Amino acid sequence: HQCITAAESSRLNPYALHPDEYAILREHISHTQVTTYLNIRNGILRLWINNPRIGVSRDEAVGCAKDERWYDVASVCYDWLVRSGHINFGAAEIPAGRKPHKETKPLRRRKTVAVIGAGMSGLGCARQLDSLFKQYANEFNDMEQEPPRIIVLEGRDRLGGRVYSRALDSSKSPRILGFRGHRHSVECGGMIITGFERGNPLNILVRGQMALPYHALRPDAILYDTNGKAVDEERDRMVEKLFNDCLERVSDYKFKSAPSKLIEGNKDLIDEGRDSASEGHKSIADVEEATAALPQAPPISKQSLGPQVSLVPVSTDRATGRAHVEPGTPAAFKAAYKARSMGWTLKEDINEDNDLELGTAAKATAATLGSVVDEAINQYKNLVDLTAQDFRLMNWHVANLEYSNATNYHQLSIGGWDLDAGNEWEGKHTMVIGGFQNVPLGLAIAPSRLDIRKDTAVKKILYDPEGMAGSRIECEDGSVIEADYVVSTIPLGVLKHGSVEFQPALPIEKTEAIDRLGFGILNKIILVYDHAFWDPDADIFGCLRTPLSRHSLKQSEYASQRGRCFQWFNVSNTSGIPVLLALMAGDAGFDTEHSKNDELVAEATEVLRRVFGIKVPQPVHSIVTRWGSDKFARGSYSSAGPTMRIDDYQTMAKPVGNLFFAGEHTSSTHPATVHGAYLTGLRVASEVLGTMLGPI
Ligand code: FAJ
């Protein structure tokens, strides 16, 4: 069982080959041998997950094969797990590579890898390269090369990029008494680690390697109406269901990706850790070639699953606003029927056969998630009686969705806005106590110190698109770095802004993807108090907002106001002092860039006073973030822009010659997140090593 859990914790299917494993093994093992292979692979993962402070050695990995005929396969499996960053990643102590079997010859010029950016992707990549170069030192020796040097170039005077735990300086806020000499910090950028139990690689870093304390967010979140009263839970649930149904109706217009091939082992045997008795004669490739001529089974259709199950029901997470997939009834059911089953009373002249007509809105060339969902909400108004409070609630959910995408939902692709839904992992959301930034800092120093050059803003990258010649990186301070391989983790916002020049210009497919993808703004208003006046046991609460003309039933009138301080986090547990953090999402995120701090703090205080009474004091200290004006970010995170194409994130990830790309905006499975950024760093480290050593 531990092997199964270890595979799941490593984002691998314990019962089936990963596409890369399939590509490596298809000519070498038979279908029946897949079970034996998976047992070995899951066993290696168990060794890693049981103690991720120390990397698994090749000998230990090979020892997971019960029979010496499998030693070579186990060794190949080990190479794949190491290179792909499924084991031995992060701040682990790394076992030495193979023993040199040749005499060391005079070495050629040492190669250089330059990583631009010291955020989670850049540091994750640099640390992984450092670890891979140690593990494959002998292979470099065989090529008469010293393992390459790694240099990280960072424009800021700090590490972590969009993970920024700003220290609260008690000298600036003398009223933060009693904390002088202690480091208290607040998260100005990424702060929530989602699905912390199983699958999130940050779990290994935070818990397994750095032993950082963390706080699991309590998910219950009261929503307060504009009069300060808690919203009736039943009404909240009904409106949320209606909102989710609007999102599901849009799902008919979603991008469809082809399902990937699944080569499975014998589940029962794998569960028991037993290998298959028979071996099979033909390799997977032979069998596939023999059956290629046979007609393929038709793809599974929505209908064939029966009427009760929807393939793509959608709901949004309360704490992060991210879309996730949940079992639900299909959008194909008539809207009035669904509304009634949610508990709504239908209007007098409406029966269960009445439906929404979204065709025109959805087929319009300029259709966006916002244009269609707004239309759906407006049409629901004809089926059931929606009050002004229902509109406030509905728009709270819209704001929550806009928060997770850092933009107004009229700037989101109807087909791709939730491309990552279904990739979420198990477990609670957590926050690191004492600063999330300790994670990137940990990567920078352990197990050895990386060569990081802070205050080194890159302005120009001259590279060879064929990958034959080296690259030259010019920095704003006049310094020049020659590198054989360059990894860019420059954020999408900076790429859009054009402040870093590429020579030659990036290929057109990449520049078009840069244009089509979105990069919006989420900002925070952080308020520090000398005592807590809120419920210390609640981590999150929401506040409904009214449009400028109060009690409006017009959806369009809510856009500018709904995201203003709509979601609050009590972050006292992680900061160590009484702190509230309000989100400015959607249009409000953009407005924050050119609003005055005093006015924003006054507005936030006004929202709090409605809930907690007029005695809510002025904060003793406040911070307002402005990620849009930040020269090294130019926004908060990426999103699916209105005209995006299904493979835009993959296009962003493609290398051009020896110029590689990492960063959250290059992750098609976990974009816009810290863990997604980290995983792209691991991916690129593997690509760079593959370019140097060749495939496994
Ligand atoms: O909690 O995982 C969050 N949790 C999370 N990511 C967040 C979250 C949001 C979220 C939660 C759950 C699911 C999805 C999203 C919600 C929000 O609270 N939060 C968040 C809040 C704010 C205000 C921001 C700004 C971000 C988040 N994010 C997003 C993540 O923080 C980012 O996706 C991730 O940190 C990006 O990492 P990266 O390595 O791809 O990019 P950077 O920007 O960290 O690193 C690039 C480095 O390059 C920087 O250090 C920069 O200074 C440097 N650079 C730029 N131009 C340069 C340069 N260096 C040299 N020369 C140049 N020319």
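The values are calculated or read from the model by the stated rules, or taken from the named source; none is laboratory data. These numbers were taken from a predicted model, which means no experiment stands behind them. Because the Cβ atoms are built from the backbone with ideal geometry, glycine has one as well, and the counts that use them run over all protein chains shown. Areas reflect the complete protein model, heavy atoms only, side chains present, ligands, DNA and RNA absent. Shrake-Rupley method; radii C 1.70, N 1.55, O 1.52, S 1.80 Å.
A few comments on the model shown:
- Where Leu132 falls short, out of the listed (1) surrounded by fewer than 24 Cβ atoms within 10 Å (Cβ to Cβ); (2) modelled with pLDDT of 90 or more: (1)
- Qualifying positions in region 628-653 - in a loop (DSSP other than H, G, I, E, B), among the polar types (S, T, N, Q) and more than 8 Å from the ligand (Cβ to nearest atom): Thr643
- Filtering region 667-683 to residues that are among the hydrophobic types (A, V, I, L, M, F, W, C) and more than 11 Å from the ligand (Cβ to nearest atom) leaves only Leu682.
- Of all residues making up region 196-206, the number that are touching a Gly at 6+ places or on another chain (Cβ under 6 Å) and buried (at least 22 other Cβ atoms within 10 Å of the Cβ): 2
- Residue within region 215-232 that is out of contact with any Asp or Glu (no Cβ under 9 Å at 6 or more places or on another chain), within 14 Å of the ligand (Cβ to nearest atom) and either in a strand (DSSP E or B) or on the phi < 0 side of the Ramachandran plot (or both) present: no
- Ser448 satisfies every condition listed in (1) in contact with a Ser or Thr (Cβ under 7 Å, 6 or more places away or on another chain); (2) of a type in the set (Ser, Thr, Tyr); (3) loosely packed, with under 15 Cβ neighbours inside 10 Å except (1).
- Within region 4-70, helices (runs of 4 or more DSSP H) holding 1 or more residues that are under 23 Å from Ser278 (Cα atoms), of a type in the set (A, V, I, L, M, F, W, C) and in contact with a Leu (Cβ under 8 Å, 6 or more places away or on another chain): 19-25, 33-50
- Residue identified as within 16 Å of the ligand (Cβ to nearest atom), open to solvent by 60 Å² or more (accessible area, probe 1.4 Å) and of a type in the set (Val, Ile, Thr) among Val480, Val487: Val480
- Glu466 vs. criteria touching a residue at least 60 places away in the same chain (Cβ under 8 Å), more than 14 Å from the ligand (Cβ to nearest atom) and assigned to a strand (DSSP E or B): no
- Any chance Leu212 is at pLDDT 90 or above, within 16 Å of the ligand (Cβ to nearest atom) and touching a strand residue (DSSP E or B) at 6+ places or on another chain (Cβ under 7 Å): yes
- For region 547-575, the tally of residues that are open to solvent by 50 Å² or more (accessible area, probe 1.4 Å), in a helix (DSSP H, G or I) and touching a helix residue (DSSP H, G or I) at 6+ places or on another chain (Cβ under 8 Å) stands at 1.
- All positions within region 528-546 that are buried (at least 17 other Cβ atoms within 10 Å of the Cβ), part of a loop (DSSP other than H, G, I, E, B) and aliphatic (A, V, I, L, M): Leu544
- If you go through region 369-400 and pick out every residue that is within 14 Å of Gly641 (Cα to Cα) and open to solvent by less than 20 Å² (accessible area, probe 1.4 Å), you end up with 2.
- Long-range neighbours under 9 Å by Cβ, at least six apart or interchain, first residue at positive phi within region 274-292, second open to solvent by 60 Å² or more (accessible area, probe 1.4 Å): Gly280/His31
- Residue within region 497-518 that is more than 16 Å from the ligand (Cβ to nearest atom) and closer than 24 Å to Glu593 by Cβ present: yes
- Of all the residues in region 415-429, those that are on the phi < 0 side of the Ramachandran plot and surrounded by fewer than 24 Cβ atoms within 10 Å (Cβ to Cβ) number 10.
- Summed over region 540-553, residues that are at pLDDT 95 or above and either within 30 Å of Arg634 (Cβ to Cβ) or more than 16 Å from the ligand (Cβ to nearest atom) (or both) total 5.
- The lone exception for Lys460 - which of (1) within 12 Å of the ligand (Cβ to nearest atom); (2) buried (at least 17 other Cβ atoms within 10 Å of the Cβ) it fails: (2)
- Scope region 576-594; condition assigned to a loop (DSSP other than H, G, I, E, B), in contact (Cβ under 8 Å) with a residue 12 or more places away in the chain and either open to solvent by 10 Å² or more (accessible area, probe 1.4 Å) or β-branched (Val, Ile, Thr) (or both); matching residues: Gly576, Ile577, Pro578, Glu593
- Of everything listed in (1) buried (at least 20 other Cβ atoms within 10 Å of the Cβ); (2) of a type in the set (Val, Ile, Thr); (3) more than 8 Å from the ligand (Cβ to nearest atom); (4) closer than 30 Å to Ser131 by Cβ, the single unmet condition for Thr691 is (1).
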